[in-house]
Amino acid sequence: MNRKQYIEFAEGRAKRTSSLKNCIWAFITGGMICVIGQLLFFVYSTFMKDEKSAYSLASVTLVFLAGLLTGLGLFDKFANFAGAGTLVPITGFANAVASPAIEGKSEGYIKGVATQMFVIAGPVIVYGSASSVIYGIIYYIYMVIAGNI
Amino acid sequence: MQIDYLLILKAFLIGGILCVIAQILIDKTKLTPAYILVGYVCSGVLLNGLGIYPKLVKWAGAGATVPLTGFGNTLAEGVKQAIEKDGAFGIIYGGISATAAGITAAILFALLWSILFKSKNK
């Protein structure tokens, strides 16, 4: 088998197995990130009484770590095989904020860093807050009809 | 410190499954990561409205709060509580105020990293 044949053979195999392999890696890495979050929660709940705040601080810590790894250039290497495993957890959001911000540094802190920061975070915040308002309107109407307000 | 080992296992399971769903969407459709993130946040809001996500948070802990659907769930939860407290005005501030920690952290840390680090691509 020459080199060209081998590449064709390898690509063929890669196509067939990539989806399953991607899913397995996504499952393992995504699960592990959530486990780290869970462990952080256990640490924080020793001094925080409110469960929601402890989970929130655990997420903030993951945002910090994901941004740090992005800055060090390690996040992309990890994300290459983790795929959705690093995208779906809050780490993916943190990376989507930090990475364009760092990329934009060469264009300055206003047009570069601060603008680029919202390339992906912007849509998430826009549609997140919009859907929360729609939900709020429905919930409010429901509460009025139910006579709770 | 109290460590609930079963909860760790459940967090792994649910967190993993939520990532696999996104991976299948990426592999089988042409959705870009930005669409996945937006879709997950909006799904989180919807699943909270259906009463499913709060149960999932109770069952799987960080497995439900760490994925971006958890962000949507927090948005929805915040709106509900704000409406119960302040009526209609809560519709407009509930969501973002409940998620303020995550959003501010992401912005502030990104600014910090952009000061400290240089792009590795150039």
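Just so you know, all these numbers are worked out from the coordinates, no wet-lab data involved. Computed from a predicted structure; not experimentally measured. We place every Cβ from the backbone using ideal geometry, glycine too, and count neighbours over all the protein chains shown.
Membrane-span-like helices in chain A, defined here as complete DSSP H runs extending at least 24 Å along the helix axis by their C-alpha atoms with mean Kyte-Doolittle hydropathy no lower than 0.5, are A:51-71, A:118-145; this is a sequence and geometry rule, not a statement about a membrane. Look at B:MET1, A:MET143 and count the other Cβ atoms within 10 Å of each Cβ; fewest to most, that gives B:MET1, A:MET143.
When you filter the trypsin sites (Lys or Arg not before Pro) in the stretch A:8-113 for DSSP loop state and at most 12 other Cβ atoms inside 10 Å of their Cβ, you are left with A:LYS49. Return the single residue from A:SER131, A:SER59, A:SER99 with maximal mean-square fluctuation; model: Gaussian network over chain A, springs between Cα atoms under 10 Å. Most flexible of the set in this elastic network: A:SER131.
Where does the charge balance sit around B:ILE24 when Lys and Arg score +1, Asp and Glu -1, over other residues with C-beta under 15 Å from its C-beta?
+2
Computed over chain A with a Gaussian network model linking Cα atoms closer than 10 Å, the most mobile of A:TYR135, A:TYR127, A:TYR109 is A:TYR135. Charged neighbours of B:GLY61, selected by a Cβ distance under 13 Å, balance to +2 (K, R count +1; D, E count -1).
For the protein assembly as shown, what is the mean residue ellipticity at 222 nm derived from helices alone (per DSSP H run of n ≥ 4: -39500 (n - 2.57); sum divided by total residues; nearest 500 deg cm²/dmol)? Don't skip to the end; give the middle numbers.
Details: 13 runs with 215 residues, N = 271.
Calculated at 222 nm, the ellipticity per residue is -26500 deg cm²/dmol.
Only helices at least 15 Å long along their axis, Cα-based, and averaging -1.0 or more on Kyte-Doolittle count here, so list those DSSP H runs from chain B. Answer set is B:5-28, B:33-49, B:68-86, B:100-116.
Shape class of the stretch A:90-149 from the alpha-carbon gyration tensor: prolate, with a/c at 1.5 or above and a/b greater than b/c.
Under a 5 Å amide H cut-off, with hydrogens placed 1.01 Å from N, B:GLY61 pairs with nothing among residues at least 5 apart or on other chains.
Under the rule a/c < 1.5 gives rounded, and otherwise a/b versus b/c splits prolate from oblate, where does the stretch A:3-116 land using the Cα gyration tensor? Judged from the Cα gyration tensor, the stretch A:3-116 comes out oblate (a/c at least 1.5, b/c at or above a/b). Comparing A:ILE120, A:ILE137, A:ILE36 in a Gaussian network model of chain A where C-alpha atoms under 10 Å apart are linked, the largest mean-square fluctuation is found at A:ILE137. Pairs exceeding 21 Å between alpha-carbon atoms, taken from A:LYS77/B:LYS118; A:LYS105/B:LYS120; A:LYS105/B:LYS30: A:LYS105/B:LYS30.
Residue by residue along A:58-67, Cβ atoms of other protein chains within 10 Å of the local Cβ number 6 on average. According to the square roots a ≥ b ≥ c of the eigenvalues of the Cα gyration tensor, what is the shape class of the stretch B:22-122, taking rounded for a/c under 1.5, prolate for a/b larger than b/c otherwise, and oblate for the remainder? It comes out oblate by the Cα gyration axes. Set the Förster radius R0 to 45 Å, insert the Cβ-Cβ distance between B:MET1 and A:GLN5 as r into 1/(1 + (r/R0)^6), and round the FRET efficiency to 0.05. According to the calculation, E is roughly 0.20.
Between B:ALA34 and A:LEU72, the simple spin-label model (points 7 angstrom out along Cα→Cβ) gives 2.9 nm.
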